[in-house]
Amino acid sequence: MKLYLSIVLLTVFLLDLSYSHNIKHVIVLMEENRSFDHIFGFYPGVNGLTGNEWNAINTSDPNSQKYYVDKKAPYVAPCDPNHATYGTTYKIFGQDAISKNDYSKANMNGFVEFERAINGPGACSVMSMFTPDKLPVITTLAQEFALFDRFFCSHAGPTWPNRMYAISATSAGSTETSCWYRNQVGKLFPQKTIFHQIAEANLTWKNYYNDTPWELFMEILAHQPENTASMTQFFKDAAEGNLPNYAWINPRSGINYTTGLGSNDMHPDHDMALGEQFYKDIYEALRASPQWNETLFIITFDEHGGFYDHVPTPLNVPPPGDGESSYPETGIKFDRLGIRIPTLLISPWIKKGTIISAPPPAQKPFPNSEYELTSIISTTRKILGMKEEPLTQRDAWAATFEHILSMKEPRTDCPEHLPEAPPPTRTFEEKMAPNELQKNIMTVISQLTVKPYPHHIKQQGHVSEWNFNHFQEHVSLTSEWKKSKLDDSLKVVCQPTGSRNWAESSWSVNSAEGITWGTISTKHLNLDSKHYCIDSGDAQPNTKISVSLCYPTSDPAKNRDPSQHWNLMPDATLRPYKNLTLCATNAEYQGDFSVTLIPCKDKVEQKWAYHGTVVGDSGGGALYFGDDTNSLGLITSSSF
């Protein structure tokens, strides 16, 4: 991995590391589940459709009935086409090739064959496309700025793996829209992201949401809600010239409970007209912003949504190289891209009517580099002047597009307003059962807030309000947890029982089946009515242990703070799970009552005994050092 990245960095340097830009703000909107042909197949001047493209009902039968592409796509699809990893693989290669174990050619001929088997003769309208007049807003943006006609999603599969690729250049092995890292319930995805790199470069980032951020299954977003803000705040930031250097925008996950209008995420069971209005609102806010001449607005989609596209997906591309094996599906190598998706670049530094096809040599780190979702990451680093290295081998390989921002002066003819969006399609969306994506978003939020999954929500009309309210609860909980880590009014000590006015002297040592660590929490909720857990901080030598609010609970199966994970070992030592070479050490013998982490030395001052009912019992007890006269306690600043 390191050798690969070194070669990449040298290649980039030789190509051109001195490219400078006037762009200071990259705004990314990621929508849902549409292929390029589905939206732009009949847009003039692109590698699009002639109308003669077709799929057979049976790819093994040369005389099989054919389904041709048409121009009849409805604003709300009749059903949700399959876009799982297996289904997408089938659609790309066709059953005939799969039966022969031949993955050497992306035939793009299995869309109808697969979809008919699931959704019947209509094949879920996967061959139905829009014409430019049906989508006037996104069409006008393409006419006025730049449209890629060779831009692919990163994984041949569904939503969340691709959203992770767009943020972190890997899905950490995930092949499906499953909520948890390696299917461990409550375990968030830990990988490094472009958000981390933005912060490391002393730049600013923010996730703007309609009702909730979607990617809360990633640690960086779940644990930093201070970097999230509502779309109301986005419009205010744009108007006042306070946009961050990098912004990620999430659409609405459900019905707008204020207006009654449906989701604007472009998901197949939702109204494309509302997505059109969303683009219009964001663009016009940016166009009116004092930061317009410093802004690049990117509209993209996470994946194809199961809809047909005729361009073969690239094969033999580098996997991330992060050592993650695939799950829940095994054997996925992540060595090919997904299906082509619509992607637009919008900025006054872009020539009107630009169509971007294959990347030019200067923007290709490798001969076979392509434009794909991680290109947004690699290009952002360039145009914001960041020195950070690629996150994985994938964004190291991805082509960049900074050359499109090529004008010597910003345009003054960019429209201030876009055409009116189509009127909302009246549907029964609010009465429909929640789709799988909405269920997954609610699953994550319920886990973050330690609330039961909302089985009472039977209709999409109630999804958005529940998500919004419970995300706000998560924000409050996380804010209090972070503040508690800075609170020095509480001190963990080990000293003779009764010698001080203890704020707390009774603890619960908590365990959970299948979890390899435990937590140590206060038995009584007598500190601001909150539950505190012993905290190892950065778990480095000479760190004094402290306490912080259990996040979000002391249950090891649900606790997400690694600093609160401990092991009470068979040798009677107490060790932070983050660094098992260190032992909690009583320093009383030195005249200091604090408890410090130092390397384990099999010394008596590192021996602890839990005098509770049984380990894991919520009844609690005391952690003693040496004998019954010295125990672990919590005192306040007034007792120091």
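Go through the range 243-347 and tell me which strands (runs of 3 or more DSSP E), entirely inside it, have 1 or more residues that are over 19 Å from the mean Cα position of the chain (by Cα). Steps first, answer last, please.
Details: elements: 246-249, 295-301, 343-346.
Counting at least 1 such residues, we get 295-301, 343-346.
Take ILE445 and decide whether it is in contact (Cβ under 8 Å) with a residue 60 or more places away in the chain and more than 30 Å from LYS351 (Cα to Cα). Yes.
Among the residues of the range 80-101, is there at least one that is in contact with a strand residue (DSSP E or B) (Cβ under 9 Å, 6 or more places away or on another chain) and under 18 Å from ILE138 (Cβ atoms)? No, there is no match, as no residue in the range 80-101 is in contact with a strand residue (DSSP E or B) (Cβ under 9 Å, 6 or more places away or on another chain) and under 18 Å from ILE138 (Cβ atoms).
Within the range 532-553, can you find the residues that are among the hydroxyl-bearing types (Ser, Thr, Tyr) and over 26 Å from the mean Cα position of the chain (by Cα)? Lay out the reasoning, then the answer.
Residues of the range 532-553 that are among the hydroxyl-bearing types (Ser, Thr, Tyr), as a first pass: 532, 536, 543, 546, 548, 551, 553.
If the condition is that a residue be among the hydroxyl-bearing types (Ser, Thr, Tyr) and over 26 Å from the mean Cα position of the chain (by Cα), then TYR532, SER536, THR543, SER546, SER548 are the ones that fit.
Somewhere in the range 292-314, is a residue surrounded by fewer than 17 Cβ atoms within 10 Å (Cβ to Cβ) and polar (S, T, N, Q)? No.
Considering each of SER125, SER168 in turn, give the residue that is in contact with a Ser or Thr (Cβ under 6 Å, 6 or more places away or on another chain) and not hydrophobic (A, V, I, L, M, F, W, C). Please lay out each step first, then the result.
Numbers: SER125 fails: in contact with a Ser or Thr (Cβ under 6 Å, 6 or more places away or on another chain).
On inspection, the qualifying residue turns out to be SER168.
What's the number of the condition THR175 fails, among (1) within 16 Å of ILE332 (Cα to Cα); (2) surrounded by fewer than 20 Cβ atoms within 10 Å (Cβ to Cβ); (3) of a type in the set (Val, Ile, Thr)? It is condition (2) that THR175 fails. Inspect the range 404-412 for any residue being of a type in the set (Asp, Glu), closer than 20 Å to LYS280 by Cβ and more than 21 Å from the chain's Cα centre (by Cα) and give the result as yes or no. No, the conditions are met nowhere in the range 404-412. Is it the case that some residue within the range 486-502 is over 16 Å from SER594 (Cβ atoms) and at pLDDT 90 or above? Yes, the range 486-502 has at least one match.
So, in the range 111-144, exactly how many residues are modelled with pLDDT of 95 or more and outside any helix (DSSP H, G or I)? Result for the range 111-144: 7.
Taken as a whole, the condition of being over 20 Å from ASN52 (Cα atoms), assigned by TED's automatic domain parsing to the domain that holds ASN47 and either of a type in the set (A, V, I, L, M, F, W, C) or crowded, with 21+ Cβ neighbours inside 10 Å (or both) does not apply to THR140.
Do we find a residue being closer than 25 Å to PRO556 by Cβ, surrounded by fewer than 24 Cβ atoms within 10 Å (Cβ to Cβ), modelled with pLDDT of 95 or more and in contact with a helix residue (DSSP H, G or I) (Cβ under 6 Å, 6 or more places away or on another chain) anywhere in the range 191-199? For the range 191-199, residues closer than 25 Å to PRO556 by Cβ, surrounded by fewer than 24 Cβ atoms within 10 Å (Cβ to Cβ), modelled with pLDDT of 95 or more and in contact with a helix residue (DSSP H, G or I) (Cβ under 6 Å, 6 or more places away or on another chain): present. Candidates in the range 49-86 are the residues that are in contact with a helix residue (DSSP H, G or I) (Cβ under 6 Å, 6 or more places away or on another chain) and not in a loop (DSSP other than H, G, I, E, B); of these, the one that is nearest to GLY110 (Cα to Cα) is ASN55.
Only one residue in VAL450, VAL475 is at pLDDT 95 or above, surrounded by fewer than 18 Cβ atoms within 10 Å (Cβ to Cβ) and out of contact with any Asp or Glu (no Cβ under 7 Å at 6 or more places or on another chain). Which one?
Numbers: VAL450 fails: at pLDDT 95 or above.
Unique residue meeting the criteria: VAL475.
In this structure, is PHE152 within 28 Å of PRO44 (Cβ to Cβ), in contact (Cβ under 8 Å) with a residue 12 or more places away in the chain, crowded, with 24+ Cβ neighbours inside 10 Å and not aliphatic (A, V, I, L, M)? Against the criterion (within 28 Å of PRO44 (Cβ to Cβ), in contact (Cβ under 8 Å) with a residue 12 or more places away in the chain, crowded, with 24+ Cβ neighbours inside 10 Å and not aliphatic (A, V, I, L, M)), PHE152 qualifies.
Can you work out which of the residues in the range 62-86 that are in contact with a Ser or Thr (Cβ under 7 Å, 6 or more places away or on another chain) and surrounded by 17 or more Cβ atoms within 10 Å (Cβ to Cβ) is farthest from LEU437 (Cα to Cα)? Across the range 62-86, the extreme among qualifying residues is ALA73. Filtered by the rule that a residue be surrounded by 15 or more Cβ atoms within 10 Å (Cβ to Cβ), among the acidic types (Asp, Glu) and assigned to a loop (DSSP other than H, G, I, E, B), the range 414-435 gives no residues.
Residue-wise test of (1) under 20 Å from PHE93 (Cα atoms); (2) at pLDDT 95 or above.
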residue	(1), (2)
SER20	no, no
GLY41	no, yes
VAL46	no, yes
ASN58	yes, no
PRO62	yes, no
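Of the residues making up the range 392-409, at least one is more than 30 Å from LYS352 (Cα to Cα) and part of a helix (DSSP H, G or I).
Does ILE341 satisfy being among the β-branched types (Val, Ile, Thr), assigned by TED's automatic domain parsing to the domain that holds ASN250, under 30 Å from TRP180 (Cβ atoms) and in contact with a helix residue (DSSP H, G or I) (Cβ under 8 Å, 6 or more places away or on another chain)? In short, yes.
The values are calculated or read from the model by the stated rules, or taken from the named source; none is laboratory data. Quick caveat: nothing in here was measured; it's all calculated off a predicted structure. Please note: Cβ atoms are built from the backbone with ideal geometry, for glycine as well, and neighbour counts cover all protein chains shown.
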